[in-house]
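Okay, structure first, notes after.
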Amino acid sequence: MTALLVIETSPRGTNSISRTMTRRFVEEWRASHSSGEVAIRDLTKTELNFIDMDWLSAYFTPPEQHTAEMHNSLKLSNELVAEVLAADHIVIATPVYNYNVPAALKAWIDNIVRKGLTLGFDGRGLVTGKKATILIASGGIYTEGSPIQERDIATKYLRLILGVIGITDVTFVAGGGAKAVDMGEITMDGFVEKLSPDLKQAAKPR
């Protein structure tokens with residue numbers, strides 16, 4: 001049985017373009033994986049904390065020496081890591097804020113990049129044999145040939161961090177120019193429909 005983990009980041013609910021992209025992707029994925037399971041981690045409903053001293057103290061202490069407080073500090077992080085490890089395919093749907101990912105997604109990343117769990121002590125990624133699809137909605141267009149392509153920090157960062165933990169089979173579906181929806185120049189459905197072929201291809205088994 002194939003397991004899909006969906007990471008949602010946008011706070012815009014039904015007005016979110018990245019979430020609408022996700023819904024279309026999941027529909028296509030379910031059609032191609034009739035017995036597959038889908039788990040959704042909505043970061044806007046997850047009480048993520050930024051890394052602090054208590055978290056770091058627990059992180060650098062061997063598990064067998066953890067106090068109850070240390071265990072509690074890493075509890076959510078352990079849950080998030082377990083979700084990643086249980087998935088065969090990970091989908092990250094995100095808007096772009098100031099050329100990079102939202103703070104909530106960065107906090108999730110900081111919680112799942114864990115030495116001994118997703119990253120070896122020798123620096124090798126431990127999350128192998130999985131694939132990832134990144135659904136990005138951005139006001140600007142940063143794809144190849146764009147005059148502002150060099151500002152595409154979010155794509156570069158996500159590809160880098162996934163590679164660090166061992167996921168190298170990564171597909172990006174770029175919803176650039178999404179501000180046209182907010183400006184009323186195109187409907188949400190019309191915008192996402194243009195991305196439908198890419199979403200369908202990314203959802204296919206491979």
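Can you confirm whether Leu135 is in contact (Cβ under 8 Å) with a residue 60 or more places away in the chain, over 21 Å from Leu76 (Cβ atoms) and touching a Lys or Arg at 6+ places or on another chain (Cβ under 8 Å)?
Working: in contact (Cβ under 8 Å) with a residue 60 or more places away in the chain: yes; over 21 Å from Leu76 (Cβ atoms): yes; touching a Lys or Arg at 6+ places or on another chain (Cβ under 8 Å): no.
It is false that Leu135 is in contact (Cβ under 8 Å) with a residue 60 or more places away in the chain, over 21 Å from Leu76 (Cβ atoms) and touching a Lys or Arg at 6+ places or on another chain (Cβ under 8 Å).
Every residue in the range 4-54 that is surrounded by fewer than 16 Cβ atoms within 10 Å (Cβ to Cβ), more than 16 Å from Pro102 (Cα to Cα) and acidic (Asp, Glu), please.
Glu27, Glu37, Asp52, Asp54
What pairs come up if the first residue lies in the range 62-76 and is closer than 21 Å to Trp108 by Cα, the second is in a loop (DSSP other than H, G, I, E, B), and their beta carbons are under 7 Å apart, counting only those six or more places apart or on different chains?
Met70/Thr61
I need a count of the residues in the range 108-118 that are under 17 Å from the mean Cα position of the chain (by Cα) and of a type outside the set (S, T, N, Q). Lay out the reasoning, then the answer.
Step one: filter the range 108-118 for residues under 17 Å from the mean Cα position of the chain (by Cα), giving 108-114, 118.
Still in the list and also of a type outside the set (S, T, N, Q): 108-110, 112-114.
Adding up the residues that qualify gives 6.
Among the candidates Lys156, Lys194, which residue alone is without any contact (Cβ under 8 Å) to a residue 24 or more places away in the chain, more than 25 Å from Glu27 (Cβ to Cβ) and among the basic types (Lys, Arg)?
Working: Lys194 fails: more than 25 Å from Glu27 (Cβ to Cβ).
Of the residues listed, the single one that is without any contact (Cβ under 8 Å) to a residue 24 or more places away in the chain, more than 25 Å from Glu27 (Cβ to Cβ) and among the basic types (Lys, Arg) is Lys156.
Among the residues of the range 32-75, write down those that are touching an Asp or Glu at 6+ places or on another chain (Cβ under 8 Å) and basic (Lys, Arg).
Arg41
Any residue that is part of a helix (DSSP H, G or I), over 22 Å from Ala107 (Cα atoms) and in contact with a Lys or Arg (Cβ under 7 Å, 6 or more places away or on another chain) - is there at least one of those in the range 15-35?
So far as the range 15-35 goes, yes, one or more of its residues are part of a helix (DSSP H, G or I), over 22 Å from Ala107 (Cα atoms) and in contact with a Lys or Arg (Cβ under 7 Å, 6 or more places away or on another chain).
Among what's in the range 140-151 and is surrounded by 11 or more Cβ atoms within 10 Å (Cβ to Cβ) and among the small types (Gly, Ala, Ser), pick the residue that is farthest from Glu185 (Cα to Cα).
In this case the residue turns out to be Ser146.
Output the number of the condition that Leu56 fails; it satisfies all remaining conditions of (1) without any contact (Cβ under 8 Å) to a residue 40 or more places away in the chain; (2) closer than 23 Å to Thr94 by Cα; (3) aliphatic (A, V, I, L, M); (4) not in a strand (DSSP E or B).
Checking Leu56 against (1) without any contact (Cβ under 8 Å) to a residue 40 or more places away in the chain; (2) closer than 23 Å to Thr94 by Cα; (3) aliphatic (A, V, I, L, M); (4) not in a strand (DSSP E or B), the one that fails is (2).
Looking at Ile134, Ile92, which one is in contact with a helix residue (DSSP H, G or I) (Cβ under 6 Å, 6 or more places away or on another chain) and among the aliphatic types (A, V, I, L, M)?
Details: Ile92 fails: in contact with a helix residue (DSSP H, G or I) (Cβ under 6 Å, 6 or more places away or on another chain).
The unique qualifying residue is Ile134.
If Ser10 satisfies all but one of (1) under 15 Å from the mean Cα position of the chain (by Cα); (2) part of a helix (DSSP H, G or I), what's the number of the condition it fails?
Ser10 satisfies every listed condition except (2).
Across the range 119-139, what is the number of residues that are polar (S, T, N, Q) and crowded, with 16+ Cβ neighbours inside 10 Å? So that I can check it myself, show each step before the final result.
We begin by selecting, within the range 119-139, every residue polar (S, T, N, Q); these are 128, 133, 138.
If we keep only those that are crowded, with 16+ Cβ neighbours inside 10 Å too, we end up with 133, 138.
Counting residues in the range 119-139 that are polar (S, T, N, Q) and crowded, with 16+ Cβ neighbours inside 10 Å gives 2.
Out of curiosity, is Ser57 surrounded by 12 or more Cβ atoms within 10 Å (Cβ to Cβ), at pLDDT 95 or above, more than 25 Å from Leu119 (Cα to Cα) and not β-branched (Val, Ile, Thr)?
Details: surrounded by 12 or more Cβ atoms within 10 Å (Cβ to Cβ): yes; at pLDDT 95 or above: yes; more than 25 Å from Leu119 (Cα to Cα): no; not β-branched (Val, Ile, Thr): yes.
Spelling it out, it is not the case that Ser57 is surrounded by 12 or more Cβ atoms within 10 Å (Cβ to Cβ), at pLDDT 95 or above, more than 25 Å from Leu119 (Cα to Cα) and not β-branched (Val, Ile, Thr).
Just wondering, is there one or more residues in the range 61-84 that are assigned to a strand (DSSP E or B), of a type outside the set (Gly, Ala, Ser) and either farther than 21 Å from Leu5 by Cα or at pLDDT 95 or above (or both)? Before you say what the answer is, go through the steps one by one.
Within the range 61-84, the subset assigned to a strand (DSSP E or B) is none.
Looking for residues that are assigned to a strand (DSSP E or B), of a type outside the set (Gly, Ala, Ser) and either farther than 21 Å from Leu5 by Cα or at pLDDT 95 or above (or both), one finds none in the range 61-84, hence no.
What's the number of the condition Glu193 fails, among (1) surrounded by fewer than 19 Cβ atoms within 10 Å (Cβ to Cβ); (2) of a type outside the set (A, V, I, L, M, F, W, C); (3) part of a loop (DSSP other than H, G, I, E, B)?
Of everything listed in (1) surrounded by fewer than 19 Cβ atoms within 10 Å (Cβ to Cβ); (2) of a type outside the set (A, V, I, L, M, F, W, C); (3) part of a loop (DSSP other than H, G, I, E, B), Glu193 misses just condition (3).
The values are calculated or read from the model by the stated rules, or taken from the named source; none is laboratory data. Since we're looking at a predicted model, the values are computed, not measured. Cβ: placed from backbone, ideal geometry, glycine included. Neighbour counts: every protein chain shown.
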